[in-house]
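The values are calculated or read from the model by the stated rules, or taken from the named source; none is laboratory data. All of these numbers come straight from a predicted model, not from anything done at the bench. Please note: Cβ atoms are built from the backbone with ideal geometry, for glycine as well, and neighbour counts cover all protein chains shown.
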Amino acid sequence: MSYVTTDVVLFTIRDDTLQVVLVERGGNPPGYALPGGFLEEDEDLDRCAIRELAEETGIRLKRTDLRQLASYGAPDRDPRYLDRPGERVVTVAWWGIVPNLPEPRGGSDARRALLVPVARLQGRRRLALAFDHALIFRDALERVRATLENETIANRLCGVAFTIPELRRVYEVVWNCSAGELSAKNFERRVRNLEGPDGFVEDLGRVRAGGRGRSLRLYRAGAGTRIHPPLLRPDGKGEGGRIGGRR
C-alpha cells in the first residue's frame, strides 16, 4: 500500500540572499523539513500542497504560484514505515519562488517555521533535513536556477519598478554568482533586446538616480514569459559571465 503526500520547496529573496521555507517538526522524525503532509480524500495534489503550506507556515499562495517538481517514492524514504512491509509513502514535490513572503509561523504539526538561506543547506556543515528532503531541495534549487535561464520569472522578483542592475542582482543571487561572473554590459544588452510590452521588460520612460551622478532607466515586468535564446548561467571559467552563448 502506498500513501501520498506533497512537499513544497518555496524560495524567496530576502536580505539579498536566496532563502527557502523550512519547518521544525514536532513529531517523528524530529528535525527540519520542507512543509508538507498527507493528501486528503477528494483533494487535488496542488490543493494539498497549498493547504499544507498554509497550515504549517501561515503562508498562503495561489495555485499559479507553485509548479510540480517531481515524485519521490523510494521504499525507505519515510522511516516511520520501515517496519511495515508493503507500505511506503510517495510524495509529489512542488516548487515556487515568490517575492515579499510574510514571516513564516509554525502551525499544525510544525513546531516552528522559518526562512533559511540556501547556503545553510549546502556544504559539509549543512543543516540536515528529515526524510529525503535534502534531495528534493537540491532538485528544486537546480530547477529554479534553470528556469531563470529560459523564463522571465526574475522580473516578478524586482518590485513594480526596477532598474536593469536590480534585475541582474536577482540573477546573481539565485545563480550564486558574483558581479564579476555576470557581465553587466552583456546582461543589459540581452535584456534590452527583449524589451517591450510583450517582452521581458517594459521601459517606463522614467529614471532613478544611480551612483556617481548617473541616472538609470526604470522598467516594469513585460508580459512575455519565455527568453529566447536563453540567458545562460556563467560557466565558471572566468570569461566574464557569458550570456546567451554556448556552454
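Taking the condition surrounded by 18 or more Cβ atoms within 10 Å (Cβ to Cβ), touching a residue at least 12 places away in the same chain (Cβ under 8 Å) and within 19 Å of Asn28 (Cβ to Cβ), does Glu52 pass?
Details: surrounded by 18 or more Cβ atoms within 10 Å (Cβ to Cβ): yes; touching a residue at least 12 places away in the same chain (Cβ under 8 Å): yes; within 19 Å of Asn28 (Cβ to Cβ): yes.
Taking the combined requirement at face value, the residue satisfies it.
What about Leu167, is it under 21 Å from the mean Cα position of the chain (by Cα) and in a helix (DSSP H, G or I)?
Values: under 21 Å from the mean Cα position of the chain (by Cα): yes; in a helix (DSSP H, G or I): yes.
Criteria met by Leu167.
Tally time: how many residues in segment 144-191 are closer than 17 Å to Leu216 by Cβ, of a type in the set (Val, Ile, Thr) and buried (at least 16 other Cβ atoms within 10 Å of the Cβ)?
4
Take segment 4-42 and flag every residue that is under 21 Å from Ser71 (Cβ atoms), surrounded by 14 or more Cβ atoms within 10 Å (Cβ to Cβ) and either over 19 Å from the mean Cα position of the chain (by Cα) or in the same structural domain as Arg156 (by TED's automatic domain parsing) (or both).
Val4, Thr5, Gly37, Leu39
Pick from Ser71, Ser108: which is in contact (Cβ under 8 Å) with a residue 24 or more places away in the chain and small (Gly, Ala, Ser)? Don't jump to the end; show me each part of the working.
Numbers: Ser71 fails: in contact (Cβ under 8 Å) with a residue 24 or more places away in the chain.
After ruling out the rest, the residue left standing is Ser108.
If you check Ile50 against the conditions, is it under 15 Å from the mean Cα position of the chain (by Cα) and under 25 Å from Arg156 (Cα atoms)? Please lay out each step first, then the result.
Details: under 15 Å from the mean Cα position of the chain (by Cα): no; under 25 Å from Arg156 (Cα atoms): yes.
No, not satisfied.
Looking at Gly245, Gly240, Gly211 in this structure, which one is modelled with pLDDT under 85, of a type outside the set (A, V, I, L, M) and within 15 Å of Pro165 (Cα to Cα)?
Gly211
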